[in-house]
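In what follows, a single structure is set out as structure tokens and then discussed.
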Amino acid sequence: MKVDACIWTKNSSKFLPITLRAFEMAVPRDTLGQRIMVDDQSVDETIKIGATHGWHTYKNPGIGIASAANEALNHVTTPFFISIEHDIILAKDWFTRLVPRIEDHDNVAVCQGVRVPTDKTLRAIFGLDWKTWSIDNNIYRTSVIRKLGGFPRKCDGTCTDSWLKKTVEDAGFEWVIDSSVVSEHIYNGMRHYWRKEEKTKSCSCQFWQQGRLDGFTLLFRLAVTSPIYGLQIALRHNQPKAIFAYPYHRIKLMDAWLTSTMWFPTKMGNDLHRALSNR
């Protein structure tokens, strides 16, 4: 099985070397075709680092993940292709475990593992429920993704994974998630997590995936239950930072929800929530 590999980057030099080294350990060299990197106007050493590891760089013709992913897809020549993101540390058995889940099953369009945060406090809070589906550690059936029109642009680059999953499943194909294949997502604490989430607006998307809560329920959970849950998490996992990190997370989540009422078109959000809730 020969596969092309794709990655999208923007000022990714901090974590990219770790990600690419882990990729080289996870994916056998003799299975690799092209290494396709689509860059979004980086001003750091991202392109140089990619070249050092054998990745050919293309410019993102637009802005954001959806545009970059579609540009990468334009250059794919193999029946299957991989996508990773610049801050993912693939498990060493990631490729060998996932390939049979898609190669031998014609109805499977996408296959992936899960990933947990490298930060122990975040890992205690989120566990394996870490935005279960994604496009940062995936193997795709190229013909199906092209037939379905590539990576959806409905959210200006954010929520691309959720809309792609909906498109794949609506067309009658499967999106397989193997929760026993666990990679890592690089985060240095809750503040780092939210700096990134605010930048991409995926915080709002995650809240839509979980379903909207009425205002009273949300405020009650924020004011009353979040500190209690934070203390429970801290004691259960021996992570004292969770006492403050979990309520902080809930506050930011509420802020994202309030912001999303303007940022996220209501009909689009309702359609996405309804579609994903029925899976």
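What the table below lists for this structure:
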| item | result |
| --- | --- |
| Checking Pro117 against (1) modelled with pLDDT under 95; (2) farther than 18 Å from Asn137 by Cβ; (3) crowded, with 17+ Cβ neighbours inside 10 Å; (4) under 19 Å from the mean Cα position of the chain (by Cα), the condition it does not meet | (2) |
| Options Thr52, Thr96, Thr46, Thr78: the member that is surrounded by fewer than 17 Cβ atoms within 10 Å (Cβ to Cβ), of a type in the set (Ser, Thr, Tyr) and under 25 Å from Gly150 (Cβ atoms) | Thr78 |
| Segment 1-22, subset among the aliphatic types (A, V, I, L, M) and outside any loop (DSSP other than H, G, I, E, B), residue nearest to Phe80 (Cα to Cα) | Val3 |
| Test: Thr57 is in contact with a strand residue (DSSP E or B) (Cβ under 9 Å, 6 or more places away or on another chain) and outside the structural domain of Tyr248 (by TED's automatic domain parsing) | yes |
| Subset of segment 23-43 [polar (S, T, N, Q), within 16 Å of Thr78 (Cα to Cα) and outside any strand (DSSP E or B)] | Thr31 |
| Residue under evaluation Lys14, criteria (1) within 17 Å of Asn138 (Cα to Cα); (2) modelled with pLDDT under 95, criterion not met | (1) |
| Boolean, Lys48 is on the phi < 0 side of the Ramachandran plot, at pLDDT 95 or above and among the charged types (D, E, K, R) | yes |
| Odd one out for Val43, checked against (1) under 22 Å from Ser183 (Cβ atoms); (2) more than 20 Å from the chain's Cα centre (by Cα) | (1) |
| Pairs with Cβ under 9 Å, 6+ apart, first in segment 64-82 and more than 17 Å from Phe95 (Cβ to Cβ), second of a type in the set (D, E, K, R) and assigned to a strand (DSSP E or B) | Ile65/Glu85; Ala68/Asp39; Glu71/Lys59; Ala72/Asp4; His75/Asp4; Thr77/Asp4 |
| The one condition in (1) modelled with pLDDT under 95; (2) within 27 Å of Pro117 (Cα to Cα) that Arg35 fails to fulfil | (1) |
| Exclusive hit being assigned by TED's automatic domain parsing to the domain that holds Asp170, under 21 Å from Ser180 (Cβ atoms) and of a type in the set (Gly, Ala, Ser), set Ala72, Ala22, Ala51, Ala66 | Ala22 |
| Some residue of segment 120-128 being among the small types (Gly, Ala, Ser), surrounded by 17 or more Cβ atoms within 10 Å (Cβ to Cβ) and farther than 21 Å from Ala26 by Cβ | yes |
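The values are calculated or read from the model by the stated rules, or taken from the named source; none is laboratory data. Quick caveat: nothing in here was measured; it's all calculated off a predicted structure. Every residue, glycine as well, gets a Cβ built from its backbone with ideal geometry; the counts of neighbours run over all protein chains shown.
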